[in-house]
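Below is one structure, written out as structure tokens, with a few remarks after it.
The values are calculated or read from the model by the stated rules, or taken from the named source; none is laboratory data. Everything numeric here is computed off the predicted structure, so don't read it as measured data. FYI the Cβ positions are ideal-geometry reconstructions off the backbone, even for glycines, and counts take in every protein chain you see.
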Amino acid sequence: MKNLKLKPAAALVIGSLVLATGSLMAVSSNSVAADDKKDAAPKPALTVTTTKPSPATLAIKLGANGNVAAWQEAVIGSESGGLRLTDVKVNVGDVVKKGQVLAVFSADTVNADVAQARAGLLEAEANAAEAVANAARARTLETSGALSAQQISQYKTAEQTAKARIASARAALSSQQLRLKYTQVVAPDDGVISARAATVGSVVGVGTELFRMIRQGRLEWRAEVTAAELARIKPGTSAVVKAANGSELTGKVRMIAPTIDPQTRSALVYVDLPPATASATAATSANAPFKAGMFASGQFELGTSDAMTVPQQAVVVRDGFSYVFRLNQDGRVSQLKVQAGRRLGDRIEVSKGLTADSLVVVSGAGFLNDGDLVRNVPAAAAAPATAAK
């Protein structure tokens, strides 16, 4: 009887367990379905900030390389031959003035020649005085018949010959005095001594080089510009020249070479460096930023033009090309190939491939791919999150 009474109770318990299990399975099934639906929704790949291109006025510049050289280099040589050099008063790097004595030759033999020429002039003048007196007496007797016409002619000829000898003696004296003057080698202009070959005790010939001098201490930058770009440069164009030590000077184009090198297809552009720095004093300084013979780079300033710029972070370089990512209305980005140009601070010009109304990704652009879904936040809100990360 007991066993018969327990069977319905067991059946009730079992039924309850079955119902509970079914309910749990239904709830679990609904939960899994909801999670699957939640996982199926797309998630943003990255949080980014965006901006629109902004207009700017950028300078048009043309880069070039070249050498710094002397504006003109004067060669100072000997004008007296066979004389011994007794004194050299200047050295390389010295600043000299026009007419300053640079070297002195021995003047002993020249002084003797000058004295001899002066004595010859005195002798010629004395002989001329006698000839003039004889000719004057002959003229007074010309009408009296006391002297023949031939004698009178001889006296007149002697007078003219004596005067010619005076002129010859004076010329000889001037020549010797000029030789005496040449025993002192003087500077033909203001400038800086750039080379010295003069040695005390040497005997040099006429025309032997003794010194080289940078006239007026002026330096110039000889830039090499290709034939295609030469037409953009005019005399008077400003150029910023940068020396090897980082110093910069602003000069002006003085002239453009009339010929083009057939090998390199480039021409020389001569840029005068400012006198304030290229002066004689600065050129002799040991730490002068520019010296003749050094290499320098520079840029010619050709004016300004309007441009469209974006932050430098927005431009991504891949496989040698520049790209930006445009944010579309659906929250996804499109990779656009652009042509980058000039730079202005932390901004870069985009000359092709982008419109002015495009929304460009700035922060995080380097981690994106074409078609990625992103979340756009203001730049002020993204900064703390980036710092915390």
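Residues in the range 185-197: is at least one within 21 Å of GLN72 (Cβ to Cβ), within 60 Å of the chain's Cα centre (by Cα) and among the hydroxyl-bearing types (Ser, Thr, Tyr)?
So the first thing to find is which residues in the range 185-197 are within 21 Å of GLN72 (Cβ to Cβ), and the list is 185-197.
If we keep only those that are within 60 Å of the chain's Cα centre (by Cα) too, we end up with 185-197.
Still in the running and among the hydroxyl-bearing types (Ser, Thr, Tyr): 194.
Yes, that holds for at least one residue.
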Original post:
Do we have any residue at all in the range 136-147 that's out of contact with any Leu (no Cβ under 7 Å at 6 or more places or on another chain) and either in contact (Cβ under 8 Å) with a residue 40 or more places away in the chain or closer than 30 Å to VAL377 by Cα (or both)?
Top reply: no
Original post:
If you check GLN177 against the conditions, is it closer than 30 Å to VAL95 by Cα, part of a helix (DSSP H, G or I) and at pLDDT 90 or above?
Top reply: yes
**OP:** Please give the number of the condition ALA231 fails out of (1) aliphatic (A, V, I, L, M); (2) closer than 30 Å to PRO262 by Cα; (3) exposed (fewer than 15 other Cβ atoms within 10 Å of the Cβ); (4) modelled with pLDDT of 90 or more.
**Re:** (4)
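Every residue, every condition in (1) exposed (fewer than 14 other Cβ atoms within 10 Å of the Cβ); (2) part of a helix (DSSP H, G or I), yes or no:
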residue: VAL75; (1), (2): yes, no
residue: SER80; (1), (2): no, no
residue: VAL90; (1), (2): no, no
residue: GLY99; (1), (2): yes, no
residue: VAL110; (1), (2): no, yes
residue: ALA115; (1), (2): yes, yes
residue: ASN127; (1), (2): no, yes
residue: ALA135; (1), (2): no, yes
residue: THR143; (1), (2): yes, no
Original post:
Quick one: which of ASN91, ASN67 is modelled with pLDDT of 75 or more and assigned by TED's automatic domain parsing to the domain that holds LEU273?
Top reply: ASN67
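Would you kindly identify the strands (runs of 3 or more DSSP E) lying entirely within the range 301-357 that contain at least 2 residues that are closer than 15 Å to PHE367 by Cα? Reasoning before the result, please.
On the way: elements: 316-318, 321-327, 333-344, 347-352.
Passing ranges, in order: 316-318, 321-327, 333-344.
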Original post:
Is there a residue in the range 168-182 that is touching a strand residue (DSSP E or B) at 6+ places or on another chain (Cβ under 8 Å), aliphatic (A, V, I, L, M) and surrounded by 14 or more Cβ atoms within 10 Å (Cβ to Cβ)?
Top reply: no
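Which one of GLY251, GLY303 is modelled with pLDDT of 90 or more and in contact with a strand residue (DSSP E or B) (Cβ under 8 Å, 6 or more places away or on another chain)? It would help to see each step written out before you state the result.
Details: GLY303 fails: modelled with pLDDT of 90 or more.
Checking each option against the conditions leaves just GLY251.
Based on what the data block shows, is ASP346 farther than 14 Å from VAL48 by Cβ and either under 36 Å from the mean Cα position of the chain (by Cα) or modelled with pLDDT of 85 or more (or both)? Can you show your working first?
On the way: farther than 14 Å from VAL48 by Cβ: yes; either under 36 Å from the mean Cα position of the chain (by Cα) or modelled with pLDDT of 85 or more (or both): yes.
When the stated conditions are applied, ASP346 passes them.
Listed residues PRO8, PRO55; which is surrounded by fewer than 12 Cβ atoms within 10 Å (Cβ to Cβ), modelled with pLDDT under 90 and within 31 Å of the chain's Cα centre (by Cα)? Give the derivation first.
Values: PRO8 fails: within 31 Å of the chain's Cα centre (by Cα).
Residue meeting the stated conditions: PRO55.
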**OP:** Looking at (1) polar (S, T, N, Q); (2) over 30 Å from ASN376 (Cα atoms); (3) buried (at least 17 other Cβ atoms within 10 Å of the Cβ), find the lone condition where ASN65 falls short.
**Re:** (3)
Subject >> Candidate set from the range 198-220 (those that are over 31 Å from the mean Cα position of the chain (by Cα) and at positive phi); member that is modelled with the lowest pLDDT >> reply: GLY207
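Go over the candidates SER80, SER54 one by one and state the one that is over 26 Å from GLN176 (Cβ atoms) and hydroxyl-bearing (Ser, Thr, Tyr).
On inspection, the qualifying residue turns out to be SER54.
Condition first: without any contact (Cβ under 8 Å) to a residue 60 or more places away in the chain and either surrounded by fewer than 16 Cβ atoms within 10 Å (Cβ to Cβ) or not polar (S, T, N, Q) (or both). Now tell me which residues in the range 311-324 satisfy that. Steps first, please.
If we filter the range 311-324 for residues that are without any contact (Cβ under 8 Å) to a residue 60 or more places away in the chain, which is where we start, we get 312-313, 315-324.
The answer is GLN312, VAL315, VAL316, VAL317, ARG318, ASP319, GLY320, PHE321, TYR323, VAL324.
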Subject >> Test for ALA223: is it under 23 Å from the mean Cα position of the chain (by Cα), surrounded by fewer than 15 Cβ atoms within 10 Å (Cβ to Cβ) and small (Gly, Ala, Ser) >> reply: no
